[in-house]
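The values are calculated or read from the model by the stated rules, or taken from the named source; none is laboratory data. Keep in mind the model is a prediction, meaning the values are calculated, not measured. A quick note on method: Cβ atoms are made from the backbone with ideal geometry, for glycine too, and the neighbour counts reach across all protein chains shown. Protein only, heavy atoms only, side chains kept; ligands, DNA and RNA dropped before computing areas. Shrake-Rupley method; radii C 1.70, N 1.55, O 1.52, S 1.80 Å.
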Amino acid sequence: MKHIIGLDIGTNSIGWVLLENNKIKDRGVIIFPIGTNVDKNGIESTKNTERRGYRGASRMLGRYKLRRKVLRKLLEANGFLPDFKALNKLKDIYQSSVLYELRAKAIDEKIPEQEIGRIFLLINKHRGFKSNSKTLAKPDDEDGKVSSGINELKSFIDASNSRTIGEYFHKMHVKSKELFEEGNWHNINEPYDERAKDIEGKFIINNSRGIRKENGRYVGRDMYEKEFELIWNKQKEFYPQLSGSKKEYEDILKLTVPEKREKLLQFKNTFYWQIRHATIFYQRPLKSQKKYIGKCQFETNKQTVPVSSLLFQEFRIWKQLSDLRYSDKIGDIYKNPIPKEWKEKIFEHLQINLKLNLREGRKKDDGSRNTDIMDVLNIANKKQYEFILNNEDEDSYLHGNKTLYAIHSVCGDIKYKELLNGNKLEKLWHILYMAKDDIWLKDTLTWKWNFNDEIASSLVKMGLEDGFGSYSSKVLKKILPFMKDGKDEYDSLVLANYLKAPDEYKEE
């Protein structure tokens with residue numbers, strides 16, 4: 001008896017039929033349940049995405065509650081914890097307008113201990129946005145949704161001559177109260193929203209959203225940190241329990257390394273450190289991603305190199321150069337590989353520059369323009385040649401060495417050449433990459449590398465490019481000499497005995 005099964009396999013279903021002696025015995029279809037969620041606008045998202053969002057919100061809530069628990073213990077131990085039972089019995093008191101008035105007063109005059117604790121608890125709840133990642137300088141100044149919202153709020157604060165975000169919202173509450181008494185406002189407890197003004201400056205009440213962060217109300221962490229410092233310094237004049245201050249901390253950081261370590265251990269016992277650094281504005285360090293680093297496909301016992309390493313940055317430039325083609329407008333277009341002497345000139349330029357345009361740079365407002373590939377190659381007649389990378393559109397560009405670009409931008413040309421001639425760039429990258437503590441890193445750069453305070457601080461802040469490459473350092477060291485000699489990535493891997501030549505595959 002002969003059986004044949006036929007399958008029709010699709011992305012959302014599988015159809016099947018069973019033949020017995022060339023006759024249909026059975027058939028059917030299995031339809032997979034939908035794996036995505038579709039919102040009212042027709043935008044799809046996977047169920048795992050929704051689950052990840054819920055898990056992230058749950059973690060954030062748990063961390064906030066933990067900070068609040070620790071903060072309440074600290075406030076209670078020092079006599080600053082509010083009596084919540086008594087406060088809850090009061091009606092029409094300590095509403096939004098009263099609380100922001102209290103925050104505005106706290107930077108100029110003495111307020112009760114419990115009110116100080118109430119302000120600290122509120123700042124702990126709404127402590128603003130701060131990115132935990134460090135990234136290199138971008139070629140273009142692109143403000144995202146969060147950044148533009150923060151900048152807009154800062155402009156409102158500056159225009160109102162407010163010193164803190166709390167004082168600004170107090171002024172907005174005062175304005176809404178005045179409008180309420182005139183009969184032109186709906187809720188005395190909701191602040192005036194300057195975002196509701198149209199282009200002509202006319203206020204549109206339907207666009208008012210108060211303090212809510214929807215549609216762009218984002219606050220930077222530095223705004224709350226500034227308010228905290230002003231309140232702390234003023235109230236410290238009246239309450240000796242408020243030990244420690246920002247100035248004391250900054251003075252300790254200026255000491256020599258041995259003195260600094262001893263003083264920091266003592267300073268961490270102050271109320272200021274416990275409240276500010278260890279609780280309210282504590283930023284959890286990013287978890288190590290080492291376990292996710294892949295193994296090299298050719299050297300399976302080796303891990304792939306970080307993208308920010310000088311070895312990978314050099315490899316990426318040579319890979320682009322091997323893929324670069326040009327046309328002299330004679331014969332077949334875009335079939336000519338770049339000559340070796342051209343590659344070397346372009347490579348030297350890309351070592352300390354972020355990118356290189358393949359076409360003539362556009363003129364800026366001041367009449368200048370960005371450097372393009374023909375400037376680097378000293379080609380006077382720019383209409384004589386055309387360049388293209390990987391058969392992409394003609395407006396593409398070459399990526400430079402982002403790590404050396406950042407170091408060169410921070411250190412300057414003279415210091416960079418000292419590091420280059422002393423073969424210290426690789427070691428400097430390794431220190432920047434491995435550092436987990438900013439204070440340790442700055443001390444190392446200042447005392448062991450003799451950088452001045454400005455350069456050391458900039459190196460700490462600049463960060464490095466994220467991610468990992470496809471090859472280990474062992475593979476890159478073997479194939480780079482071939483790529484410098486004019487071979488592309490595939491041929492270099494063949495010459496390094498990691499891949500077989502095409503003829504060998506044909507024989508097999």
Checklist entry - Would you call LYS287 more than 27 Å from the chain's Cα centre (by Cα), among the charged types (D, E, K, R) and within 25 Å of LYS442 (Cβ to Cβ)? => result no
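Residues checked against (1) under 30 Å from HIS430 (Cβ atoms); (2) at pLDDT 85 or above; (3) surrounded by 17 or more Cβ atoms within 10 Å (Cβ to Cβ); (4) polar (S, T, N, Q):
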| residue | (1), (2), (3), (4) |
| --- | --- |
| LEU321 | yes, yes, yes, no |
| SER327 | no, no, no, yes |
| TYR334 | no, no, no, no |
| LEU356 | yes, yes, yes, no |
| ASP366 | no, no, no, no |
| ALA380 | no, no, no, no |
| GLN384 | no, no, no, yes |
| GLY400 | yes, yes, yes, no |
Checklist entry - Does ILE293 fit the bill of being within 29 Å of the chain's Cα centre (by Cα), touching a residue at least 40 places away in the same chain (Cβ under 8 Å) and surrounded by 15 or more Cβ atoms within 10 Å (Cβ to Cβ)? => result no
Item to check | Candidate set from region 337-354 (those that are within 15 Å of MET374 (Cβ to Cβ) and modelled with pLDDT under 90); member that is most open to solvent (accessible area, probe 1.4 Å) | outcome: PRO339
Checklist outcome for this item: If we keep only residues of region 27-70 that are open to solvent by less than 60 Å² (accessible area, probe 1.4 Å), of a type in the set (Ser, Thr, Tyr) and part of a strand (DSSP E or B), then the residue modelled with the lowest pLDDT is THR36
Checklist outcome for this item: Given (1) without any contact (Cβ under 8 Å) to a residue 60 or more places away in the chain; (2) within 26 Å of the chain's Cα centre (by Cα), TRP449 misses just (2)
Next on the checklist: Just checking: which of the helices (runs of 4 or more DSSP H) contained wholly in region 99-182 hold 1 or more residues that are open to solvent by 40 Å² or more (accessible area, probe 1.4 Å), at pLDDT 90 or above and farther than 26 Å from ALA278 by Cβ?
Outcome noted: 145-159, 165-181
Checklist entry - All but one of (1) over 21 Å from LYS125 (Cα atoms); (2) open to solvent by less than 50 Å² (accessible area, probe 1.4 Å); (3) assigned to a loop (DSSP other than H, G, I, E, B) hold for ASN269; which doesn't? => result (2)
Next on the checklist: Looking at region 272-282 only, could you name the residues that are in a helix (DSSP H, G or I) and open to solvent by 50 Å² or more (accessible area, probe 1.4 Å)?
Outcome noted: GLN274, ALA278
Checklist entry - If you go through region 417-458 one residue at a time, how many are at pLDDT below 90, assigned to a helix (DSSP H, G or I) and more than 25 Å from GLN283 (Cβ to Cβ)? => result 2
Next on the checklist: I'm trying to understand the selection: among the residues of region 171-197, which are in contact with a Lys or Arg (Cβ under 9 Å, 6 or more places away or on another chain) and of a type in the set (Val, Ile, Thr)?
Outcome noted: ILE188
Checklist entry - How about region 204-256: which of its residues are exposed (fewer than 14 other Cβ atoms within 10 Å of the Cβ), touching a helix residue (DSSP H, G or I) at 6+ places or on another chain (Cβ under 6 Å) and not in a loop (DSSP other than H, G, I, E, B)? => result ASN207
Item to check | Sole residue being free of Cβ contacts under 8 Å to residues at least 60 places away in the same chain and surrounded by 10 or more Cβ atoms within 10 Å (Cβ to Cβ), chosen from ILE24, ILE9 | outcome: ILE24
